[in-house]
Amino acid sequence: VGRDFYDVMGAAAVEKIQPYIERVLRGEHVEYESELPWAARGSRHIRVSYSPDADTSGHVVGWVAYVNDITDQKLAENRLREAARLEAVGQLTAGVAHDFNNLLTSILGNASLARLDLPPRSPVESSLERIEQNRGRELTHLFTFDSATLRGDPRVQFLMDPQPFNFAAISFSTG
C-alpha cells in the first residue's frame, strides 16, 4: 500500500505483463497464469484476473486485479507428476524383472533336468552345476523398484499438505 506498482513488481515482471495491462485498459476482462520474476520474492507462479474499472461514462480509468500466488500448487503438481512417472517406471521395471525371473527359472529347471540325465563324470556337469547355483538370480534385485521403495527415498517427495490460496484484490489507477 502506498508503493508504486513498478517498484513492487520490478521492471522484468512489468514488461512481461504489459500486454495484459494494455488489453484490460482497452476494456477487456483478462485472465492468465504466468511465472514472474518478482523483485522482492524471487520467481513466483501466479494466476491473475484483471477487470477494467470504468467511470460513469464508460471510459476505462484503471483496473482491478485479483492475483493468486499458485507457486506452492505448481510445485505440488510437479511433484505429483514426478511421483507418477517414477511409479510407472517402477511398474515397467517390475514387469521386466518378472519376465527375466521366469526365463531364469526355465533355464535353472532345464539345467537340473539335464544333470539328471548325464552320465557319471560328464564334462558338462560342472557347467550345469554353476547354472543351478542361481548365478543369475541375484540380478533380479536390480529390477526391484516400486512405490514402497520410493517412499523411503528422501529424494522423492509425495504430495504436500494442501494450502489455501491467498487471494489479494488490488485496484490500480491510470491517473
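The values are calculated or read from the model by the stated rules, or taken from the named source; none is laboratory data. Owing to the predicted nature of the structure, the values given are computational and were not obtained by experimental measurement. FYI the Cβ positions are ideal-geometry reconstructions off the backbone, even for glycines, and counts take in every protein chain you see. Each accessible area value is taken on the protein alone, full model and side chains, heavy atoms only, with ligands, DNA and RNA left out. Shrake-Rupley method; radii C 1.70, N 1.55, O 1.52, S 1.80 Å.
Table for the structure above
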| quantity | calculated |
| --- | --- |
| Residue 20 vs. criteria at pLDDT below 90, of a type in the set (Ser, Thr, Tyr) and open to solvent by 60 Å² or more (accessible area, probe 1.4 Å) | no |
| Filter result (small (Gly, Ala, Ser), assigned to a strand (DSSP E or B) and modelled with pLDDT of 90 or more) within region 29-66 | 49, 51, 54 |
| Some residue of region 68-78 being open to solvent by 40 Å² or more (accessible area, probe 1.4 Å) and in contact with a strand residue (DSSP E or B) (Cβ under 7 Å, 6 or more places away or on another chain) | yes |
| Only listed residue being of a type in the set (Lys, Arg), modelled with pLDDT of 80 or more and open to solvent by less than 90 Å² (accessible area, probe 1.4 Å), chosen from 115, 137 | 115 |
| Top-ranked residue in region 80-107 [being touching a helix residue (DSSP H, G or I) at 6+ places or on another chain (Cβ under 6 Å) and at pLDDT 80 or above; ranked as most open to solvent (accessible area, probe 1.4 Å)] | 87 |
| Residue count for region 53-66, restricted to those that are farther than 25 Å from residue 12 by Cβ, surrounded by 14 or more Cβ atoms within 10 Å (Cβ to Cβ) and not β-branched (Val, Ile, Thr) | 1 |
| Count of residues meeting criterion [free of Cβ contacts under 8 Å to residues at least 24 places away in the same chain and over 17 Å from residue 6 (Cα atoms)] in region 36-78 | 9 |
| Residue match in region 67-79 (condition: assigned to a strand (DSSP E or B), modelled with pLDDT of 80 or more and either in contact with a Cys (Cβ under 7 Å, 6 or more places away or on another chain) or not polar (S, T, N, Q) (or both)) | yes |
